[in-house]
Amino acid sequence: MKYIFTLCDRKDIKDFIEKNHYSKSINGVKSSYCFSIKLEDRIVGACLFGQMSTTSWKKFGEKEADVLELRRLVTLDECKRNTESWFIAKCIKYIKKNTNVKVLVSYADPMHGHVGYVYQASNWNYLGETPKDKGYIDQETGKVYHSRALRTKYKGEYKPFVVKLRNKLEQGLLQTIILEGKHCYTYNLYSKNISTIKYPKL
């Protein structure tokens, strides 16, 4: 079983991610670099890196271009063990060779049973949990949105999906919830990665 790793376009993996990732969406997700792994011309894994949604990049780099967030990562259950770690390693190698990015950031969401084992296996730094925040559940679809999803703008205007969400909020179709903090991991591309905080476990 030999996987083929490729740089690809966002449109190439959009449907795959939205079908197989727990978020079921990449709306509002910035994408700078997209990757896929294929098995016999069939996509079995996808990974999307992009700029952070807010100015939180300032916690990790001197300028925004220094930082990329791993926004989506998914492989099919049929993939062999350690495929995700191998996939991430290939992505890191490409980004280090072809960009000036210095730090990668990713979050593992405990609300979906994730603590970041794949990052632990890949020797990322663990920085602890982010604070709790406000979110919304779409009562029609069951999808969960962070509060910032309702504030996303492009060139000063709300994106179409944001307008739709805001209309649903006004109609009482979004239920307000408290989102638990996420586990934060970083990977330094040009210095040794040593986590000073004990990795979390389920």
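Using the Kirkwood formula on the Cα atoms of the chain, what hydrodynamic radius do you get, in angstrom to one decimal? One decimal place: 18.0 Å for the Kirkwood radius. If you run the Gaussian network model on the chain, springs between alpha carbon atoms under 10 Å, then out of Y119, Y33, Y154 the most flexible one is Y154.
For the chain, there are no membrane-span-like helices by this rule, meaning no whole DSSP H stretch whose C-alpha atoms cover at least 30 Å of axis and whose Kyte-Doolittle mean is 0.5 or above; this says nothing about an actual membrane. Shown here for region 51-147: GluC sites (Glu not before Pro) in loop regions (DSSP other than H, G, I, E, B) with at most 15 other Cβ atoms within 10 Å, namely E62, E78, E140. On a per residue basis, the convex hull of the C-alpha atoms belonging to region 99-161 measures out at 167 Å³. Surface analysis of region 106-167 yields an accessible area of 59 Å² per residue, using protein heavy atoms and a 1.4 Å probe.
Considering only Y199, Q139, L179, the residue lying farthest towards the positive end of the dipole of the chain is Y199, judged by Cα position with unit charges set on Cβ. What is the sum of charges around T75, taking Lys and Arg as +1, Asp and Glu as -1, for the other residues whose C-beta is under 14 Å from the C-beta of T75? Combined, the nearby Lys, Arg, Asp and Glu give +4.
Here the chain exposes an accessible surface that is 48 percent carbon and sulfur, computed with a 1.4 Å probe and the other protein chains kept in place. Rounded, prolate or oblate: which fits region 1-70, taking a ≥ b ≥ c as square roots of the Cα gyration tensor eigenvalues, rounded meaning a/c under 1.5, else prolate when a/b beats b/c? Note, shape of region 1-70 comes out prolate.
Compute a Gaussian network model of the chain, connecting alpha carbons closer than 10 Å, and tell me which residue from W124, W86, W57 fluctuates the most. Result for the chain, Cα springs under 10 Å: W86 fluctuates most. GNM remark for the chain: springs join alpha carbons under 10 Å apart, and the peak mean-square fluctuation among A46, A149, A121 falls on A121.
Within region 35-142, list the trypsin sites (Lys or Arg not before Pro) lying in a DSSP loop whose Cβ has at most 13 other Cβ atoms in a 10 Å radius. Present the calculation step by step, with values, prior to reporting the outcome.
Working: sites: K38, R42, K58, K59, K63, R71, R72, K80, R81, K90, K93, K96, K97, K102, K132, K134; in loops: K63, K80, R81, K102, K132.
Passing sites in region 35-142 are K63, K80, R81, K132.
Need one word for region 38-118: rounded, prolate or oblate. Basis is the Cα gyration tensor (sqrt eigenvalues a ≥ b ≥ c); a/c below 1.5 gives rounded, then a/b vs b/c decides.
Details: a/c = 2.47, a/b = 1.49, b/c = 1.66.
It is oblate, given that a/c is not under 1.5 and a/b is not larger than b/c.
Annotation: amide H of S32 within the under-5 Å range of F49, G50, Q51, sequence separation 5 or more or interchain, hydrogens built in the peptide plane.
Spatially close Lys pairs in region 1-59, defined by Cα atoms under 18 Å apart and a spacing of eight or more places or different chains, total 10.
The values are calculated or read from the model by the stated rules, or taken from the named source; none is laboratory data. Keep in mind that what you see is a predicted model, and the values were worked out from it rather than measured. Cβ coordinates were reconstructed from backbone atoms using ideal geometry, including for glycine residues, and neighbour counts include every protein chain displayed. Accessible surface areas use protein heavy atoms only, side chains included; no ligands, DNA or RNA. Shrake-Rupley method; radii C 1.70, N 1.55, O 1.52, S 1.80 Å.
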